[in-house]
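Data first, discussion second: the structure below is written as structure tokens.
Here, each number is a calculation from the coordinates, and none is a lab measurement. Bear in mind the structure is a predicted one, so any value in this text is a computation, not a measurement. Cβ placement follows ideal geometry from the backbone for every residue including glycine, while neighbour counts extend to all protein chains displayed.
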Amino acid sequence: MVFDRFKRMMGRDEDLSPDFIEIDLEQEKSSSKIFIKTFVLKVYEDINPILNALREGYTIAVIDIKHLKSKDVVELKRAISKIKKTVEALEGKIAGFGENTVIATPSKVFDIQKGAAEPEVQKSSDIERF
């Protein structure tokens, strides 16, 4: 009975069987987007929003570690270790860029490539001579 009222509210009373309802699972996959968010680690407790964003699975975290690095290196190592364990548990990736930036990604990101892609160099035998 409750289901019948729900069908009437949705305006699909006549085109649905009372035995089942069809759900389009592809709709959720196509509308998912990846966000890039910046974070600043000033104290160890600042990792909580980072971990929450990574656990959602739709955020690439760009983390500035400069402040915590200048204050307390032990706390920085502890924070990075916690972030790294969480990223590995989620099957994501983590990488450092420069001395003050860490990037953590969800499992949806295939790989983190550091540096510019090197152009292919032609061998001297491949170069035409005039």
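Roughly how big is the stretch 33-105's charge dipole about its Cα centre, with Cβ charges of +1 (Lys, Arg) and -1 (Asp, Glu), in debye to the nearest 20? Provide the component values of the computation, followed by the final result.
Working: 13 positive and 9 negative charges, 7 e Å.
Roughly 40 debye for the stretch 33-105.
Over all Cα pairs of the stretch 33-105, how is the pair count split among 10 Å bins, expressed in % and running from 0 up to the last occupied bin?
21, 61, 18, 1
Which of the residue pairs Lys37/Lys108; Lys33/Lys93; Lys37/Lys66; Lys42/Lys71 have a Cα-Cα distance greater than 19 Å in the structure shown? Kindly include the intermediate steps, with their values, before the conclusion.
Numbers: Lys37/Lys108 16 Å; Lys33/Lys93 17 Å; Lys37/Lys66 17 Å; Lys42/Lys71 8 Å.
Over 19 Å apart, Cα to Cα: no pair at all.
Work through the residues other than Val102 whose Cβ is under 10 Å from its Cβ and net out their charges, Lys, Arg +1 and Asp, Glu -1.
Details: positive: Lys84; negative: Asp64.
So the environment of Val102 carries a net charge of 0.
Could you please report the charge total around Lys85, scoring K, R as +1 and D, E as -1 over all other residues with beta-carbon less than 15 angstrom from its beta-carbon? Please report the intermediate quantities before stating the final value.
Values: positive: Arg55, Lys77, Arg78, Lys82, Lys84, Lys93; negative: Glu88, Glu91.
Result for the local shell: +4.
Name the residues whose placed amide hydrogens come within less than 5 Å of the amide hydrogen of Thr101, ignoring near sequence neighbours (fewer than 5 apart) on the same chain.
Ile65
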